[in-house]
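Each reported figure results from applying straightforward, stated rules to the coordinates on display, with no laboratory input. Predicted model, so just to flag it, every value in this text is computed and none were measured. Positions of Cβ are backbone-derived with ideal geometry, glycine not excepted, and every protein chain shown enters the neighbour counts.
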Amino acid sequence: MKLTKLVVASHNDDKVAEIKTLLAPLHIEVHSAKELRLGDVEETGKTFEENAKIKAGTLSLMCGLPCLADDSGLCIDALDGRPGVYSARYAPNRDFKEGAQMLLKEMDESGKKSRKAHFSCCMALACPNEKIKVYEGRVDGQIAVAPRGEKGFGYDPIFIPDGYEQTFAELGEDVKNQISHRRRALEKFIREIKD
Ligand code: IMP
C-alpha cells in the first residue's frame, strides 16, 4: 500500500499528537480532521471497531483522502468492561479528573477486589473506493487506588500497565508510546504500509 497523505479522523488533540509521533518515521504527510476543518463525526456504534469504521469511512468520503480513525477506551473488569466505548462520554463535561474519581468510587461500591483493566484501541483505515481495514491493540494493567501523575491525558493517572508500578501519567510519553494500545494497533498498520 502506498500512502503519501493521511488524515487522522480525530478532534482529540492529545490523541492526534500521539498518533503523529508514532507515525513520524513513515514520512507521511499527516493532518488532523480539525486542521482540515472537517466536522466531527458522531460515534453511534456499540463497539470500538464500529465507531472507528464510522469515523474513518465518513471522513474519507468528506475529503476524498485516506483517513485513519482511532476509537479507544478503558475497560475495567470489576465494572464488567465499562466505561469501554463510552469512556469519553463517561466523564462529565470531559472532565477526566472527575471521571477517574467516579470510576474509583464505582469500583469501591462494586465490592469486587479485582483491579484488572485494559485500554483497547481499534484503528480503521478508509481509503477512497477501498474496503475499510482495521487494526487492534490493547494494553493490560491495573487501576490505581488513587490518581497519580500529571502527564498524558484522559484516564492515564489511574492506569498502571503490567510490568510497571507507575501510572501512564507518571511514566510519560516515551514509555507510554512504547507499550500503549494505540502503539500496538499502529504497529500493525505500519507493518502493512511498510510491506
Ligand atoms: P474516543 O476514542 O474519542 O471515543 O475517546 C476515547 C476516550 O477513552 C478518551 O477520551 C479517553 O478518555 C479514553 N482514552 C483512550 N485512550 C486513552 C489513553 O491512552 N489514555 C487515557 N485515556 C484514554
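Structural remarks
- Where a residue in the stretch 64-93 is farther than 21 Å from L38 by Cα and its partner, wherever it lies, is assigned to a loop (DSSP other than H, G, I, E, B) and not hydrophobic (A, V, I, L, M, F, W, C), with Cβ under 6 Å and at least six apart: L74/Y155; C75/G81; D77/S114; A78/K112; A78/S114
- Against the list (1) surrounded by fewer than 21 Cβ atoms within 10 Å (Cβ to Cβ); (2) assigned to a loop (DSSP other than H, G, I, E, B), the condition D140 fails is (2).
- The stretch 145-191, residues that are within 13 Å of the ligand (Cβ to nearest atom), of a type in the set (A, V, I, L, M, F, W, C) and part of a loop (DSSP other than H, G, I, E, B): F153
Residue by residue, here is whether (1) among the small types (G, A, S); (2) over 21 Å from the mean Cα position of the chain (by Cα); (3) not in a loop (DSSP other than H, G, I, E, B) holds:
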position: K97; (1), (2), (3): no, no, yes
position: A100; (1), (2), (3): yes, no, yes
position: L103; (1), (2), (3): no, no, yes
position: S120; (1), (2), (3): yes, no, yes
position: K131; (1), (2), (3): no, yes, no
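- Residues of the stretch 74-91 that turn out to be out of contact with any strand residue (DSSP E or B) (no Cβ under 6 Å at 6 or more places or on another chain) and near the ligand (Cβ under 7 Å from one of its atoms), as a count: 2
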